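Just below is one structure, and these are the notes that go with it.
The values are calculated or read from the model by the stated rules, or taken from the named source; none is laboratory data. Nothing here was measured: the structure is a model prediction, and the numbers come from that model. Please note that ligands, DNA and RNA were not included when accessible areas were found on the heavy atoms of the full protein model with its side chains. Shrake-Rupley method; radii C 1.70, N 1.55, O 1.52, S 1.80 Å.
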Amino acid sequence: MFRTLPSLNGLRAFEAVARLGSFSAAADELHVTYGAVSRLVKSLEGQLETVLLTRSRQGAAMTGPGAQLHSRLRPALELMRVGVDEISAGEAARTLTLSCYGTFLMRWLMPRFHRFRESHPDIDINFTTYNDVPDFDDRTTDLAISTTLPEKMDCLTLVPLFDEFCGPVCRPGFLSSDRTQALLQLSDVTILHTKTRLSAWADWAEAAELRGFAVNRGETFEHFYFMLQAAASGLGVAIGPHALVADDLASGQLVAPMGLVASGRRYHLSYRTSAERDSRILDFQNWLLHEVQIFENP
């Protein structure tokens, strides 16, 4: 029985291999050699007198004792990192990094963010964008807003924001304002797609319970905002989440003659559970929830 902790380097090496599923990936993250990681893990297993990882050509997998140790170890290492961050000097220690979809940042968050700056001038936030799943493993992300979630959720706090509603949008007068007529006209006009969400039309047709609607036609654009501009210019009918077109609908630049339906997705704010006591994150969360409360979803 251990009365003192094993080597911290050994624990760090094991945690990295267990999380990444690879000795090579762990070596890259820790900036050491593959052999060094292997020796550290073997030494830890020798000290604990138990096998923590099984090795194969496909990588590394945790044993039962390994999974038990990892479930305790990862939150502890996160707390250690937070403690170091809290006393670190310099601009980086005062700045949070928020990751979200680029179009969400541009069309929903940025038009509202001035209110956060006005109420919290002492909190600096940098923004990064991604198209898939937020990554908290590289230590560059403090907060994320997304509809897709990381596979490893055990160390994350999730805050539900709002459900996503989607529907066809177009320039006023492009389609009839009568929903039934608009649905009939939709089969004869150009439908617009974006590469960032190629399944959007098919998902909408399924959610709206439309049978036989041809979704594999029309024009495809590289980015969502190009597709919306094409729709606003009368080049066709776009498909979009309400959160990203709400301001255009409110201004009358676009209309949604067929209404909007729930897509089954939900936006979440996520961050490391070990950072729950960070007052900056709590301030941002409270501000964001207030903005969500006053945002009118259909």
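So the values come out like this:
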item	result
Antiparallel content of DSSP bridges confined to the chain, in %, to 5	65
Angle in degrees between helix 64-87 and the longest Cα principal axis of the chain, rounded to the nearest 10	80
Accessible area of the chain divided out per residue, in Å², using a probe of 1.4 angstrom	53
